[in-house]
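Asks: One structure follows; several queries about it will come next.
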Amino acid sequence: MAELADRVGEVIETSTTEFTAQCYELYQSPPLGSLVKTTDESVTLYGIVYNTTTASIEPGRRPIARGKDDKSEEEIYRSSPQLLKLLRTEFNTLVVGYRENEKLCHYLPPKPARIHSFVYQCQPEEVREFSRSFGFLSILINTHLPVSVDEVIAASLRQMSQVDEDPHRFLVTAGKELAILLGAEFNRLKAILGRMRQ
């Protein structure tokens, strides 16, 4: 059972391939490339964070500059505490696998996440288990995102390597897998490998 302390948000928009979660705390999104999860009855969906936004809670209404006479950003929030209620942080997650009946799959689940499902940051042991197979890389490589897919691939592998018992070996193995998947795209492969370095 996921711990309350690991809970980072709640699903507010969902599809088979991705979901958007709103953070409970402003600016407290998981880092780019993080592995997160949400559970629906007996199925746990895994996703990689690919984008984070902070904006007004009112569509079409942008925040205005307020700190002309303030010495720090913290002072802006102290003098206008209502800002914490008028802004929201959301993160977008690409679904890269799921677990059902103890079987871990590195492909899309049969159903999307549910609205208001809790989203949790995966613990290191769960990240290690998920990243024993690089099957999720195929989903990442072949997706179209509003951000650089290559940056997301590199960020996710860096994040995963940080919890591996041998980070260097993990990155070398991931690089070999990428070389197979991107064999005909040498420049793209080289760029991703360059960004994977710690």
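The values are calculated or read from the model by the stated rules, or taken from the named source; none is laboratory data. Note that the structure is predicted; figures quoted are calculated from it, not measured. Cβ sites come from the backbone with ideal geometry, for glycine too, and all protein chains shown count toward neighbours.
Asks: Just give me the residues in the stretch 79-104 being among the polar types (S, T, N, Q) and either surrounded by 12 or more Cβ atoms within 10 Å (Cβ to Cβ) or within 19 Å of PRO31 (Cβ to Cβ) (or both), in sequence order.
Replies: Scanning the stretch 79-104 gives SER79, SER80, THR89, ASN92, THR93.
Asks: Do we have GLU126 as within 22 Å of ALA174 (Cα to Cα), surrounded by 12 or more Cβ atoms within 10 Å (Cβ to Cβ) and of a type in the set (D, E, K, R) here?
Replies: Taking the combined requirement at face value, the residue satisfies it.
Asks: Under 6 Å between Cβ atoms, at least 6 apart or on separate chains: pull out the pairs that start in the stretch 117-137 with a residue that is more than 14 Å from LEU157 (Cα to Cα) and end on any residue that is small (Gly, Ala, Ser).
Replies: Short answer, once both residue conditions are applied: VAL119/GLY9; VAL119/ALA21; TYR120/ALA2.
Asks: Scan the stretch 152-160 and give yes if some residue there is in contact with a Leu (Cβ under 8 Å, 6 or more places away or on another chain), of a type in the set (Ser, Thr, Tyr) and at pLDDT 95 or above, otherwise no.
Replies: So far as the stretch 152-160 goes, yes, one or more of its residues are in contact with a Leu (Cβ under 8 Å, 6 or more places away or on another chain), of a type in the set (Ser, Thr, Tyr) and at pLDDT 95 or above.
Asks: Now a separate question. How do the strands (runs of 3 or more DSSP E) wholly within the stretch 1-95 filter down when requiring 1 or more residues that are over 25 Å from SER148 (Cα atoms), in contact (Cβ under 8 Å) with a residue 24 or more places away in the chain and touching a Lys or Arg at 6+ places or on another chain (Cβ under 6 Å): which remain?
Replies: Hits in the stretch 1-95: 35-40, 43-56.
Asks: Here's a follow-up. If I filter the stretch 116-130 for residues that are part of a loop (DSSP other than H, G, I, E, B), of a type outside the set (S, T, N, Q) and under 14 Å from the mean Cα position of the chain (by Cα), do I get at least one hit?
Replies: yes
Asks: Condition first: modelled with pLDDT of 95 or more, part of a helix (DSSP H, G or I), surrounded by fewer than 18 Cβ atoms within 10 Å (Cβ to Cβ) and under 15 Å from the mean Cα position of the chain (by Cα). Can you find one or more residues in the stretch 176-189 that meet it?
Replies: Checked the stretch 176-189: no residue is modelled with pLDDT of 95 or more, part of a helix (DSSP H, G or I), surrounded by fewer than 18 Cβ atoms within 10 Å (Cβ to Cβ) and under 15 Å from the mean Cα position of the chain (by Cα).
Asks: Now for a separate question. Would you check if VAL43 is under 16 Å from the mean Cα position of the chain (by Cα) and of a type in the set (A, V, I, L, M, F, W, C)?
Replies: So VAL43 fails the test.
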